Structures are given as structure tokens and as C-alpha cells.
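Data block below; observations after.
Each value in this text was obtained by applying a stated rule to the coordinates, not by laboratory testing. Values in this document were obtained by computation on a predicted structure and should not be read as measured data. Here the Cβ is made from the backbone with ideal geometry for all residues, glycine too, and neighbour counts use every protein chain on show.
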Amino acid sequence: MNNLTTILMDLLCYLSVEPDNGYDPDETADLQINAWQTLIHDLTEEESELIKEAARVKLAAMEGIQNPSAEQEQVMDILAAFVDGELQ
């Protein structure tokens, strides 16, 4: 559970206060990459199943969007690939 709580705290701390000039794209990319890498490679089997179930629920909710934006479609593709074990 330590990996999940670390990701959660990193995300919350990063998103809680947006800098006046916006988020740094490189820092945002690093946070995103590190979070996905942890979710893909560093979780216990039990943690992984919990996260995949949450991803399935989010994906099902997003699939109900009438006219998803390109960004929403991209997120759905990523979630589907994650659930199917296709992300590396």
C-alpha cells in the first residue's frame, strides 16, 4: 500500500496549488511517467487488482460520455490498455 499512498500524496501535493505561471510541463510529464511506472511495475498483486478495478469503473463511466473529446478518448485508450496489461 506504500506505493499507492506515495503516488496519491505526490499527485495531491502537485495539484493542490497551481503556480501563477501554470504547471511546468516537464514536471507534469515526470510525475505522470513515474505514477504509471509504479502502477505497472511496483505494486503487489492485491494492489494491482484494486487499481485495475478502479480503472475499469472509471473506464465504464467514461464510455457513457455522449461525445468524448480527443483527450477523453485518449484517457479511455490508456485505461483500457492498463486494464488489459498492455502498458509497459
Practice task
Project the alpha carbons of the chain onto their principal axes and report the range along each, largest first, in whole Å.
Solution key: 36, 36, 20
Exercise for the section: Set the Förster radius R0 to 30 Å, insert the Cβ-Cβ distance between His41 and Met62 as r into 1/(1 + (r/R0)^6), and round the FRET efficiency to 0.05. Expected result: 0.75
Fill in the blank from the handout: Given unit charges at Cβ for Lys, Arg (+) and Asp, Glu (-), the dipole magnitude of the stretch 1-43 about its Cα centre in debye, nearest 20, is 260
Handout entry: Peptides ranked, highest mean first, by Cβ atoms within 10 Å: ranges 5-15, 34-44
Key = 34-44, 5-15
Fill in the blank from the handout: Residue-normalised 222 nm signal for the chain, counting each DSSP H run of n ≥ 4 as -39,500 (n - 2.57), nearest 500 deg cm²/dmol, is -24500 deg cm²/dmol
Handout entry: J(HN,Hα) series, the stretch 34-40, from Karplus relation 6.51 cos²θ - 1.76 cosθ + 1.60, nearest Hz, glycine and proline x
Key = 4, 5, 5, 4, 5, 5, 7
Problem - Net charge over other residues, Cβ less than 14 angstrom from the Cβ of Met76 (K, R count +1; D, E count -1) - result: -4
Problem - Stokes-Einstein D in µm²/s, Kirkwood radius over Cα pairs - the stretch 44-88 at 10 °C with 1.306 mPa s viscosity - result: 145
Practice task
Per residue of the stretch 72-79, in order, report the coupling 6.51 cos²θ - 1.76 cosθ + 1.60 (Karplus, θ = phi - 60°) as ³J(HN,Hα) in whole Hz, putting x for Gly and Pro.
Solution key: 5, 4, 5, 4, 4, 4, 5, 4
Problem - the stretch 1-43: radius of gyration and largest Cα-Cα distance (Dmax), Å - result: 11.3, 35
Exercise for the section: Could you size up the charge dipole of the chain around its Cα centre, putting +1 on the beta carbon of Lys and Arg and -1 on that of Asp and Glu, and report it in debye to the nearest 20? Expected result: 280
